[in-house]
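Scroll down for the structure; my scribbles are underneath it.
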């Protein structure tokens, strides 16, 4: 082995002593001896003789001197191409690294002086002074190159790719031009569609005229032709050049074969678009789709050919190679292409017949599938609103009944202004509302959802649910809007509407109006909301507090299911309520007691008048007397009228307060009542606080006075 530092012995492997040519491919060496070939495995040292002789005739002089071995990698397999001479010519056999032949075979009319591989081609310098080029992809001979015999050609040699050997270098840059999308002057394409059929036919035929372009460029030189006194480089045209020559000769299939490779450069992509155009104008949309998908052509210019879709997009210029700008500007609209092809194929006599219309619909569907495939592929490369918008438009046009789940990812990727017209045209209002919600336009989304539920808008596919509307209302930031839509929801689902009303902020709301609106829908819900507002809102309002007091008094006095008589003198009235908390009236008594004691806006004198003299409301009257600083009257009610000795003593201990904060909290904890705790910090004590001795003496005097009577 020869290294930069000199020779180095890596491994010794035995080989045929008569071998005089060796070619290596990875761990396998193919050896040529005067009569045959041998494969040598470098890792094991095993040698395998191949059954194909170098010469199949007795006249072996030429074959003995020039056997050829070319290592290639074909379809991921390690292959050696070896030659075998016969009277009829020379065969090129493809041998695998294990010695097994493949079904592939090359033939040359004369024996090669040398054989090399250059890209996908096998080049053979023959003794008849020609170079034959075979394409390994098709195994066909694609070119014969004559060689000047006077220069005495010797052999073909492989070299590293070299651009400097080309004089002058031919690699022209593609000129660019701006392709204007014709939206402004002809937004609906009507002027184009009004052309006569002859003009349409002429427009289609114009694609088969040659287009001026310079695609004559060469690949870097990899093969050298050795003469007696000089060398020459063999240049291969680029795939784009070959494809362009095929296009000029109207050999469309040859052009496609020429650009069949994994990676395309700019010229290859231009050729691919030109090929796609040839397929499009012939209504071969599947074939066009494959080419346009790989060509990376700006999607906007493709959309330009679909009148039903381009209406959704703004006019804009697109930079593209001049040859494409010229060619694409002559491409008719998709429906014109289809109509013209049908006219040219079937004539005008049956143009409007049902079979023709069905065929037209199928072709249009294929054209839409082409656009759909191109856009879907573009989305795998980069996420763009335009791609989602186009895909959404195509899907809806093909089937307006597509599921919400399929359309949702594309719809929310667009702005609301983009899909407004599209979704309204297809009556997909609920999907449009989802887009608005995604972009924080909650109130507008709710207007649409409400209109659908009220029947003002009819969605083509989806149905709106009260749960969906509830979720949308919860996203609103404005308390006024929350209350407005919650009242609307209560018309359709009183439970969901009431739940939202209980979550709302009523600081700046017109509570009387809200309660009245709810009362018209459900009086019980209105009463419950009034309780909620009174006991939870920090901003206390006299009208609501007084109204709740009236309702509670009326409920206690009119309810036929009364509490048991308060006869147990061992407990206080609040403790009595806690023992009977499961009774429906217990909750009303507790609410009224808390309202009387802790409301900062209630009119105690008015409420005292409403309570009257009924013994069932005696404790509540005592609360109001204490608030009005009528302590003696409060003790009289507790001790003498209600006969609640425990509460009377508690009044004295609590410095003249009938219902203490601690007792109120205990009662609330035993019910489902929700109360703002700040409420208990208001009016928790009398303005003046006589000491306990004073109140105990007062209570004692009341008892003594009663006994004397």
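Here, each number is a calculation from the coordinates, and none is a lab measurement. Just so you know, these numbers come straight off a predicted model, no measurement behind them. Glycine also receives a Cβ, built like all others from the backbone with ideal geometry; neighbour counts cover every protein chain displayed.
For an R0 of 25 angstrom, estimate the FRET efficiency from the Cβ-Cβ distance between residue 671 and residue 499 and round to the nearest 0.05.
On the way: r = 19 Å, r/R0 = 0.76.
E(calc), rounded to 0.05, equals 0.85.
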Match the structure shown to one of the listed values (i) -0.42, -0.59, -1.03; (ii) -0.79, -0.89, -1.07; (iii) -0.66, -0.74, -0.94 of log10 I(q)/I(0) by the Debye sum over Cα atoms at q = 0.06, 0.07, 0.09 Å⁻¹, computed from it, and give that label.
(iii)
Please find the FRET efficiency linking residue 383 to residue 284, where r is the Cβ-Cβ separation and R0 is fixed at 35 Å, and quote it to the nearest 0.05.
0.70
Would you report the distance distribution of C-alpha pairs in the range 3-49 as whole percents per 5 angstrom bin, up to the bin with the largest distance?
5, 20, 28, 22, 15, 7, 2, 0
Between the alpha-carbon centers of the range 19-59 and the range 559-606, tell me the distance in whole angstrom.
112
Taking the C-alpha atoms of the range 540-708, how large are the radius of gyration and the largest Cα-Cα span, Dmax, in Å?
15.1, 46
Tell me the angle of helix 692-708 to the major Cα principal axis of the chain, expressed in degrees between 0 and 90 and rounded to the nearest ten.
50
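Can you give the translational diffusion coefficient of the range 2-147 in µm²/s, computed by Stokes-Einstein from the Kirkwood radius over Cα pairs at 10 °C and 1.306 mPa s?
On the way: Rh = 16.0 Å.
Taking Rh from Cα pairs, D becomes 99 µm²/s.
Taking the number of other C-beta atoms within 10 Å as the exposure measure, put 705, 522 in order starting with the fewest. Let's see the in-between values first.
On the way: 705 11, 522 17.
So the residues, fewest neighbours to most, are 705, 522.
If each residue of separation counts as 0.36 nm, what is the full-extension length gain between residue 477 and residue 77 once their alpha-carbon separation is subtracted? Don't jump to the answer; show the numbers that get you there.
Working: separation 400, 0.36 × 400 = 144.00 nm, distance 6.67 nm.
Full extension of this stretch gives 137.3 nm more.
Got a sec? How would 117, 591, 670 order by Cβ neighbour count within 10 Å, fewest to most? Please report the intermediate quantities before stating the final value.
On the way: 117 20, 591 24, 670 15.
Ranking 117, 591, 670 by Cβ neighbours within 10 Å, fewest first, gives 670, 117, 591.
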Which FRET efficiency, nearest 0.05, do residue 606 and residue 438 yield, Cβ-Cβ r, R0 41 Å?
0.20
Could you work out how much longer the chain between residue 102 and residue 581 gets when fully extended? Use 0.36 nm per residue separation minus the Cα distance between them, nm to one decimal.
162.9 nm
Label-point gap, in nm, between residue 704 and residue 87 - each point 7 angstrom along Cα→Cβ
15.8
In whole angstrom, the spacing between the Cα centers of the range 264-292 and the range 637-661 equals 97
Peptide ranges 640-649, 581-590 listed from the most packed, as the mean C-beta count within 10 angstrom indicates:
640-649, 581-590
If 20, 236 are placed from fewest to most neighbouring beta carbons inside 10 Å, the sequence is 20, 236
Quick check: pseudo-label points 7 Å beyond the Cα along Cα→Cβ at residue 351 and residue 528, how many nm apart are they?
6.9
Tell me the mean residue ellipticity at 222 nm calculated for the chain from its helices only (DSSP H runs of n ≥ 4, each -39500 (n - 2.57), averaged over every residue, nearest 500).
-14000 deg cm²/dmol
Label point at residue 21 placed 7 Å out along Cα→Cβ; residues across the range 99-117 whose backbone nitrogen lies under 19 Å
99-102, 105-117
